[in-house]
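Report on one structure; see the data block that follows.
The values are calculated or read from the model by the stated rules, or taken from the named source; none is laboratory data. Since we're looking at a predicted model, the values are computed, not measured. All Cβ positions, even for glycine, are placed from backbone atoms using ideal geometry, and neighbour counts span all protein chains on display.
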Amino acid sequence: MTENPSPPDDGSPQNAPLIDVVLPCLDEAAALPWVLDRIPPGWRAIVVDNGSTDGSAEIAEKLGAHVVREPERGFGSACHAGLRAATAEVVCFCDCDASLDPSLLPSVAQPVLDGRADLVLGRRRPTARHAWPVHARLANRELARLIRRRTGLRLRDLGPMRAARRERLLALDLTDRRSGYPLEMVVRAADEGWRVLELDVPYAPRTGRSKVTGTWRGTWHAVRDMRAVLRRPAGVAR
């Protein structure tokens, strides 16, 4: 692994990481070495362990990541714990299953850094037929249609790889702690008038078995959570 030492978090500008990368993690021991090896130099990996039983947290620590343990189960719980632990001005999010390549994050973060966008979403472009199951693609297409109707944003994907400024994300006061968290971020950003940009990123078959999109049941639960977010009136957090 390319060494990316994390500076001490004493709050001083010279010790702040260039960008923090939040990696929600649940039993990703097999994928973590590859994922952490692809973190850009000078950036800090924040692995949020959400109750793994396969030693993921210990592996991440040995590989130099900053590990946060979040006992409340849920994708949103892990993501938000990572956001709260971040100290960099810009924060990226990325799945921790090796389906997305963290080395591509600089291109996702750049529009935020240079002021061209407030939220950048990586639109998944599958590199293999089985990388993105059909049922998950269909659910994503329907959610994109509902997002367009709710917000006016013409998105094609919810973009699990994304970037935005930390303080502005915290100010959105996101409350969903399940699968609706990524959608709530997009909806509330749109309500606040953020400039949202999509960029294509390759999407490979994940390492290990998916807890969400890999099964019909997981996809159904995710869609249920996201529909609940879309039913909320504009400006209502819960």
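Of the candidates LEU169, LEU183, the single residue that is of a type in the set (A, V, I, L, M) and over 23 Å from ASP114 (Cα atoms) is LEU183.
On the given criteria, is ALA88 small (Gly, Ala, Ser), under 19 Å from LEU174 (Cβ atoms), touching a strand residue (DSSP E or B) at 6+ places or on another chain (Cβ under 8 Å) and surrounded by fewer than 20 Cβ atoms within 10 Å (Cβ to Cβ)? Criteria met by ALA88. Would you point out which residue out of GLY51, GLY82, GLY11, GLY55 is surrounded by fewer than 21 Cβ atoms within 10 Å (Cβ to Cβ), within 24 Å of LEU174 (Cβ to Cβ) and at pLDDT 95 or above? None of the other options fit; the residue is GLY51.
Within region 114-137, does at least one residue satisfy the condition of being in contact with a strand residue (DSSP E or B) (Cβ under 6 Å, 6 or more places away or on another chain), of a type in the set (Phe, Trp, Tyr) and modelled with pLDDT of 95 or more? So far as region 114-137 goes, no, none of its residues is in contact with a strand residue (DSSP E or B) (Cβ under 6 Å, 6 or more places away or on another chain), of a type in the set (Phe, Trp, Tyr) and modelled with pLDDT of 95 or more. Across region 111-164, the number of residues qualifying as among the acidic types (Asp, Glu) and in a strand (DSSP E or B) comes to 0. For region 95-110, a residue qualifies if it is surrounded by fewer than 20 Cβ atoms within 10 Å (Cβ to Cβ) and either in a helix (DSSP H, G or I) or of a type in the set (Phe, Trp, Tyr) (or both), and the qualifying residues are SER103, LEU104, PRO106, SER107, GLN110. Output the residue which, of all residues in region 118-149 that are among the β-branched types (Val, Ile, Thr) and under 17 Å from PRO205 (Cα atoms), is surrounded by the most Cβ atoms within 10 Å (Cβ to Cβ). Among those that are among the β-branched types (Val, Ile, Thr) and under 17 Å from PRO205 (Cα atoms), it is THR127. Filtered by the rule that a residue be at pLDDT below 95 and assigned to a loop (DSSP other than H, G, I, E, B), region 14-25 gives ALA16, PRO17, LEU18.
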